[in-house]
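Presented below is the structure to which this report refers.
The values are calculated or read from the model by the stated rules, or taken from the named source; none is laboratory data. Everything quoted here is computed from the prediction, not taken from an experiment. For neighbour counting, all protein chains shown are included, and Cβ atoms are generated from backbone atoms with ideal geometry for every residue, glycine included. Calculation scope for accessible area: heavy atoms of the full protein, side chains included, ligands and nucleic acids excluded. Shrake-Rupley method; radii C 1.70, N 1.55, O 1.52, S 1.80 Å.
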Amino acid sequence: AKYATDLAWPTLPVMDKLPATEHGCYDATTDPEALGELFAARANNGVGVRCGGALRLVAIEIDERNHERCGSTATFHRVAGVRMGDYKTPSYQTPNGSRMLCYVPAAEDCDFGEMDLADGITVFGDRWQVVLPPSQHPSGAQYGPWYPDLDPWTVDVAPVPMAILEAIRSNLRRAKPR
């Protein structure tokens, strides 16, 4: 958990992919002492990072398990307008074979929870958290590793690709009652 606070990522303990704190993702902190207290009270928990909030982190999960069926990587390329390999941002593999990419948006663009952007592509914004490596998944498998040269010590968190922001905004406009 210390590495996430060293990166100034609001961090919290998670258990089975859910916040293991009284107030959920709102208990996430960058204060190492407060984080130490949260983890001391909850032994053997994984590490989560809050999306949205002060960091304004947005996480995008690309479901690569069924890429032959849904073409998630190709869909991301089509929706984002960039290939994943050409756009450097911290990224890691989840235990189920998905790829998690971490981005920062413009301030107003993460005021949503979870959003299915396209088949096989889920976006996590404010009021949500994602589990970080090397946490353990409920299946017993481990999150990670970070992809080579795409760990948060090697590459900065990139801005969300503009086409992804436009897709998020479009989905939010459609979801608002008229």
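Sort Y103, Y147, Y26 by accessible area with a 1.4 Å probe, largest first.
Y26, Y147, Y103
Given a Förster radius of 25 Å and the C-beta distance between Y26 and T154 as r, what FRET efficiency does 1/(1 + (r/R0)^6) yield to the nearest 0.05? Show your work: numbers first, answer last.
On the way: r = 30 Å, r/R0 = 1.20.
The calculated FRET efficiency here is 0.25.
Using a 1.4 Å probe, how large is the accessible area of D119, given in Å² and rounded to the nearest 10?
So the heavy atoms of D119 present about 90 Å² to solvent.
May I ask you to rank H137, H23 by accessible area, largest first, using a 1.4 Å probe over the protein chains only? List each step's numbers first, then the result.
Details: H137 40, H23 105 Å².
The ranking, largest first, comes out as H23, H137.
What does the accessible area of T154 come to, in Å² to the nearest 10, when a probe of 1.4 Å is used?
Counting only protein heavy atoms, T154 exposes about 80 Å² to solvent.
If you plug each phi of the stretch 144-152 into the Karplus form 6.51 cos²θ - 1.76 cosθ + 1.60 with θ = phi - 60°, what whole-Hz ³J(HN,Hα) values come out, in order, with x for Gly and Pro?
x, x, 5, 5, x, 6, 10, 8, x
I'd like the Karplus ³J(HN,Hα) series for the stretch 33-42: coefficients 6.51, -1.76, 1.60, θ = phi - 60°, whole numbers in Hz, and an x wherever there's a Gly or Pro.
So the Karplus estimates, Gly and Pro as x, are 5, 4, 5, x, 5, 4, 6, 4, 7, 9 Hz.
To the nearest Å, what is the center-to-center distance of the stretch 86-107 and the stretch 119-167, using C-alpha atoms only?
One Cα centre to the other: 3 Å.
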